[in-house]
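The values are calculated or read from the model by the stated rules, or taken from the named source; none is laboratory data. Keep in mind that this is a model prediction, so the values were computed, not measured. Using ideal geometry, Cβ is built from the backbone for each residue, glycine included, and neighbour counts are taken over all protein chains shown. Note: areas computed on protein heavy atoms with side chains; ligands, DNA, RNA excluded. Shrake-Rupley method; radii C 1.70, N 1.55, O 1.52, S 1.80 Å.
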Amino acid sequence: MCNLQPGGDYSRQNWRGRSLRGIDLSGANLSGADLEGADLSHAILAKTNLQGANLTRARLSHINLQGAFLQRANLSHADLRDADLDKAQLDNAVLVHAHLDRATLRQAWLHNVKLDHASLCDAVLCEVSMLLTSLNHANLERTDLRLAYMANAFLRDANLRDANLERANLTEAKLNRSHLNRANLFDALLMGANLEAACLEDANLRNATLHGAYLSRANLRRADLSMAKLRRAQLENADLSFAKLIQTDLRGTYFGFARLHKADLSQAELEGADLAGADLSRAKLPKAHLRRANLAAANLSQADFAQARLNNANLSEANLYRATLRGVQFGGAKLAGADLTHTDLRQAFLRRTSLNDANLSDASLQGADLSRAYLSGARLHRADLSHARLGGANLLHASLEGANLRHANLNRAYLIYSNFNEAILMNANLQSANLTGAQLTNIDLQLTNLLGALWTSETTLTHAILGGAIEDWARSQEQFFLDRDALFQSSDVSSAVEEARIDLEDRLSSLEDTFERSRYLLSRLGRTVEGLNSQTQAELIHALNDRILNFDQNYNRAEAEIEDYRQRIEALNEENIAPDRVKTLLSDMHASIAQLNQYAEIFERLWVCQIDCEIDLNVSSVEPIEDDQSEDKGE
């Protein structure tokens, strides 16, 4: 063995178990050589050709293999600790169970290499190329993999704790159940990577790209994902508690039942994200963009959404207890059945928002815009609605007991059977509001604007302080109003006749307009049946035709009531009519108005999206027509 020289040709030699410790065979040809169990520690084999060589269980610690050619070589169970493999060629080599701790492989080529169960602790693999390399169950703890190219690599159950993967390319890599605790993945590429059940606790993923990555059941507690890109990523049941997602792109990402307790999502992009059932309790989302996001049944208790955008988002049945929603844009959002108790909604934009059956008890809504919002059946006990805008809002059967409505604007609000008992309505504007069946017990209405408001005998005013308020209302309606604690006596019959005639024409015009819009919406519903199978189509058309016929019949009855109303007005023009007769006629007209209002309510139900097609299809609701003409009429 003493005649071995650098650059010599020793291909296919059998040196199994031989001691070649410290030998210099730089540039030699050892292709196909059998070196199983050989001792080559501290040897110099720089640029040596070892293609296809058998180095199974060889001792290669501290060996110099810089630029060596090891394609297809078998290095299974080999000891390569502290070895120098910079720029070595290891394509298709086998290093299963090999020991490469503290080895250096800078710019080495390891395409399609098998490194399963290998140990590479503290190894340096900067700019290494590992396309399709298999590292399943490998130990890469504290390994330096900066700028490594590992696209489509297999790293299942691999240990990458404290590894440095800054700017590494792991596109579509398989990292299932891998351990990346405290790993540095700054600016790394992980598009389409599979990180299912992976542990990334305390990992640095700032500015990383994870578009379409699969992170179901992944542990990302305290991970830093600020400014990362996770568009359309899958994070179902993932744990992101205490994680940082500041200015992170999460558009279209699926967070089904994920845990984001105390996570920081400030200014995050969550447009179209699915967070249904997710836990965002005490999360920070100031100025976050959540347009069209799905937060149905999510836990958002004590979360901070200050100045966030939730336009057209779905928050149905969500828990928003004590959440901060100050200045939030909720336009067109769905909050039906949501828990908003003790919530801060000051200056929030809730125009046209669906809050049916929502619980807003003790909520702060000062200055909030709830114009045309749907609050049917909502609970607003002790809510602060001072200076709030509720013009045209639907509060059918809503409960506002003890609510503060100072200076609130309820112009043309739909308040049928709503409960205002012991509420504060000082300086509130209820002009032209519909108060049919409303409960106004123990309320001071002296400074409330009730001009044009619609009251009926069902309206409860027990112990209410009316003062000039009822007189203002009566002058606008010019009809007798009889309640347990209030009675207005009309003295100007001619004025009553004129006002009644004007009121009649206004009501008729409004009724016709509402009816025509309802018919239009029904016809638009009819067009949605296109593309359905013939049987379902026939059933739907039949149901819609029945609905339209029902509206036609009701409208005909309403016209009959209107004609009767006209006849009663003409009767008031008779000379020498007895005062009792005047009182009776006006009382009858009041009943007719109530009847007309019931018909208007039938038509209005469709306009406020409460029609049910009675067929289990995706056409169960209708959105209002967004045009200037309908907007003007509604206002």
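Tabulated values for the structure
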read-out: Kirkwood hydrodynamic radius over Cα pairs of the range 102-241, then Stokes diffusion coefficient at 20 °C and 1.002 mPa s, in µm²/s; value: 152
read-out: Per residue accessible area in Å² of the range 7-83, where ligands, DNA and RNA are left out and the probe is 1.4 Å; value: 42
read-out: Surface per residue (accessible, 1.4 Å probe) for the range 348-464, Å²; value: 32
read-out: Apportionment of accessible area to carbon and sulfur, the range 46-176, percent (1.4 Å); value: 43
read-out: Carbon and sulfur %, accessible surface of the range 281-363 computed with the full protein complex present, 1.4 Å; value: 37
read-out: Stokes-Einstein D (µm²/s) once Rh is taken as the Kirkwood radius of the range 186-283 over alpha-carbon pairs, at 20 °C in 1.002 mPa s; value: 173
read-out: Under the Karplus curve 6.51 cos²θ - 1.76 cosθ + 1.60, θ = phi - 60°, whole-Hz ³J(HN,Hα) for the range 229-244, x wherever Gly or Pro sits; value: 10, 10, 4, 6, 6, 10, 10, 4, 6, 6, 9, 10, 4, 6, 6, 9
read-out: Links that overshoot a 22 Å alpha carbon limit, given the list Lys244/Lys334; Lys114/Lys174; Lys244/Lys287; Lys262/Lys287; Lys229/Lys262; Lys229/Lys284; value: Lys244/Lys334
read-out: Accessible area expressed per residue, the range 163-304, with surrounding protein chains retained (probe 1.4 Å, Å²); value: 35
read-out: Of Leu370, Gly332, Ala388, farthest towards positive along the dipole that unit charges on Lys, Arg, Asp, Glu beta carbons give the range 332-459; value: Gly332
read-out: The range 1-146: radius of gyration over Cα atoms, expressed as a fraction of 2.2 N^0.38 Å; value: 0.93
